[in-house]
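Note sheet for the following structure.
The values are calculated or read from the model by the stated rules, or taken from the named source; none is laboratory data. For clarity, every value in this text was computed on a predicted model and none was experimentally measured. Note: ideal-geometry Cβ built from the backbone for every residue, glycine included; neighbour counts use all protein chains shown.
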Amino acid sequence: MLDHVLANKRRETVDCPNYFYRTPWGCGKSLAVSTTSVPGTPGAFGTKMKKISFHEALTTIICEDSRFDEEAYHFVREALNHTMKRLKKAQQTNQHVSGQELLEGIRDYALDQFGPMSKTVFECWGIRNCENFGEVVFNLVNKGVLGKTDNDKLDDFKNGFNFDDAFVKPFQPTKPYRESIATRHHDVAQGHN
């Protein structure tokens, strides 16, 4: 899909077919991809692998798989950092984060960042369930942004949590609204403030 950088390393851009980048305001624009740092750039001693940046990897991912908004990838990266800090505080010094640990961190970080809007934000990004988070993670793994062990699988994200239970129920009132109003009026009438 992407052209390799020519030996003279001139800058080229490639439009991503069938991809329309959504901005938070609903506007859209075509996405152009810079191919200046693609793996396989010719060097003095033959072909060298260059480590591509997160932005370059993300641009490539979105061109190849446009199901999820760019912000979903940024969020997963931030949630991973949040999870690693949380595990470090809990004296779990293992550098590897399992799929289930990451899902717990995603839930925690989302509630902290977005509160009752978490589920809505994720839906805007194309994330409908925990398996979608796994697909985002494995897109990043496949581009070398994140690492994995032989035991890590996409299935680790399948039986995560229910989005309504995690992101909606914590913000719902515990008593029905009418019952709480009636109780409050009764208490006021009885002289209990």
Can you find even one residue in region 76-87 that is surrounded by fewer than 20 Cβ atoms within 10 Å (Cβ to Cβ) and not in a helix (DSSP H, G or I)? no
Tell me, which helices (runs of 4 or more DSSP H) lie completely within region 112-193 with 3 or more residues that are at pLDDT below 90 and of a type outside the set (D, E, K, R)? 177-189
